[in-house]
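Notes follow the structure.
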Amino acid sequence: IETKNITRILEDTDADFLLDMAHAQVAASVLELDVRHYLDGLPLQKVRQIHVSGVRQKGGALYDAHEELQDEDYRLLRWVLKRCYPEVVTLEYFREKDSLERQLKCLQELI
């Protein structure tokens, strides 16, 4: 499984891990895995930074759309934060100001 390669590389290089949640969601979708199962296979103890952004469907495939976070995105982040302690959580969003403010407030409460 793909997560074993990521784990091996991080262990071999003693590197920290930047977890991009949207990329993990897309990878899990492509591999036809539940995203939580996919994430469980990653070395979450090495996570130092998390990137979050809203994924969407296009042409039947999930992709990192950098859209507004949805309820499921917050639930997934909450689940991940119970398993790792990043130094930084970065919101990857660049569209509407009101949406940006709303997401930042939600993230602040969650973190």
**Asked** In percent, what relative contact order does the chain have, based on Cα pairs under 8 Å that are 6 or more apart in sequence?
**Response** 25 percent
**Prompt:** For His37 and Leu107 in one chain, what is 0.36 nm times their gap in residues minus the Cα-Cα distance, to one decimal in nm?
**Reply:** 22.9 nm
**Heavy-atom surface of the chain, accessible at 1.4 Å and reported per residue (Å²)** = 62 Å²
**Fill in**
Rh (Kirkwood, all Cα-Cα pairs) for the chain, Å, reads 14.5 Å
**Message:** Lysine pairs in the chain with Cα distance under 22 Å, only those 8 or more apart or on different chains: how many are there?
**Reply:** 5
**Fill in**
the stretch 29-70: Kirkwood hydrodynamic radius (Cα pairs, Å) comes out at 12.0 Å
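The values are calculated or read from the model by the stated rules, or taken from the named source; none is laboratory data. Everything numeric here is computed off the predicted structure, so don't read it as measured data. We work out accessible area using only protein heavy atoms, side chains counted, and drop any ligands, DNA or RNA first. Shrake-Rupley method; radii C 1.70, N 1.55, O 1.52, S 1.80 Å.
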